[in-house]
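Notes follow once the structure below has been shown.
The values are calculated or read from the model by the stated rules, or taken from the named source; none is laboratory data. Note that the structure is predicted; figures quoted are calculated from it, not measured. Positions of Cβ are generated from backbone atoms using ideal geometry, with glycine treated the same way; all protein chains shown enter the neighbour counts. For accessibility, only protein heavy atoms count, side chains too; no ligands or nucleic acids. Shrake-Rupley method; radii C 1.70, N 1.55, O 1.52, S 1.80 Å.
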Amino acid sequence: MTRTSQSPRPPPARNAKEALEQLSRPGPHAVLRGDLGMVGIPGVVFAPEEGLGLPAVAFAHDWLQPAERYADLLRHLASWGIVAAAPGNHRGPLPSHAGFAADLRTTLDVCAGVRLGDGRISVDARRTAFAGHGIGGGVALVAAEGHPRVTAVVTIAVAQTWPSALDAARNVTVPVLHLAAGRDTVSPAGGHAEPIAAAAGGPVWLRTVTKAMHTGFLDGKHWSDFVLSGSPDAKTRRISRALVTAFLLHHLCGEDRVEQLVDGKVPGTTLAERH
């Protein structure tokens with residue numbers, strides 16, 4: 001089997017609205033789902049049906065959330081040729097952020113170190129990323145600090161952590177996308193995403209999904225919905241799917257046809273001026 005040629009290229013788009021429509025739809029790959037439990041970490045992994053030398057992302061969940069609530073995003077990334085894995089531990093009310101970051105690193109190492117899908121799928125360790133939602137976004141930054149091979153980070157409605165996500169951001173020199181929620185009352189951007197983005201040690205994008213709430217990025221129902229404001233929102237997930245996919249395709253695969261969703265004016269969002 002030969003290495004898959006990058007990830008499938010999206011068709012040319014005339015503007016950001018058209019690119020958003022294209023990247024919010026599933027990509028051309030059939031998707032396989034697996035269980036991380038076989039390597040000692042509870043969680044899920046989604047991957048294209050086959051392909052060698054693929055990019056990969058390890059995704060960290062928010063406070064109390066099961067990894068299953070991100071299956072929509074993870075499956076979508078896999079359909080565009082990106083192996084996406086999410087550990088499902090550290091879900092208690094007082095999780096260890098340092099322990100979670102260590103497990104996120106292990107998850108990425110597992111994806112890069114073993115053949116998946118009966119040996120038909122492999123990951124290029126030089127094309128890997130960390131991502132996360134809420135405290136998971138902070139954990140992604142902590143995991144990326146000092147990591148020798150990670151090439152990008154994505155946070156969604158990031159929340160401060162301990163160890164400090166803000167301190168970690170100063171030492172992360174790879175490209176970072178922060179997706180903030182304009183109506184977030186759990187981790188408002190002014191106290192979380194904005195100072196973390198301002199502390200960035202490398203290229204950073206801070207894009208706000210104007211009408212999104214903190215829990216709008218989730219899917220399905222969970223008892224924690226009664227203690228967190230907001231609710232899952234299909235439109236928020238649609239926009240974030242396209243933006244996260246575009247950023248990872250651009251920075252992990254060198255895909256230039258998605259630049260409008262990285263740097264352009266995207267409907268329903270605002271992009272902070274970069275310094």
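Mind listing whichever residues of region 67-90 are more than 20 Å from residue 41 (Cα to Cα), surrounded by fewer than 24 Cβ atoms within 10 Å (Cβ to Cβ) and not polar (S, T, N, Q)? The answer is 72, and nothing else. Pairing each residue of region 229-243 that is β-branched (Val, Ile, Thr) with any residue that is part of a loop (DSSP other than H, G, I, E, B) and open to solvent by less than 40 Å² (accessible area, probe 1.4 Å), provided the two are 6+ apart or on different chains, yields C-beta distances under 7 Å for 236/212.
Answer with yes or no whether residue 31 is open to solvent by less than 40 Å² (accessible area, probe 1.4 Å) and either under 20 Å from residue 112 (Cα atoms) or touching a residue at least 60 places away in the same chain (Cβ under 8 Å) (or both). The answer is no for residue 31.
Table: residues versus (1) hydrophobic (A, V, I, L, M, F, W, C); (2) crowded, with 24+ Cβ neighbours inside 10 Å.
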residue: 95; (1), (2): no, no
residue: 98; (1), (2): yes, no
residue: 107; (1), (2): no, yes
residue: 127; (1), (2): no, yes
residue: 130; (1), (2): yes, yes
residue: 139; (1), (2): yes, yes
residue: 143; (1), (2): yes, yes
residue: 154; (1), (2): yes, yes
residue: 157; (1), (2): yes, yes
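Go through region 77-109 and give me each residue that's more than 22 Å from residue 144 (Cβ to Cβ) and touching a residue at least 40 places away in the same chain (Cβ under 8 Å). Within region 77-109, 79 is the sole residue that qualifies.
If you go through region 165-175 and keep only what is open to solvent by 10 Å² or more (accessible area, probe 1.4 Å) and over 15 Å from residue 136 (Cα atoms), you end up with 167, 170, 171, 173, 174, 175.
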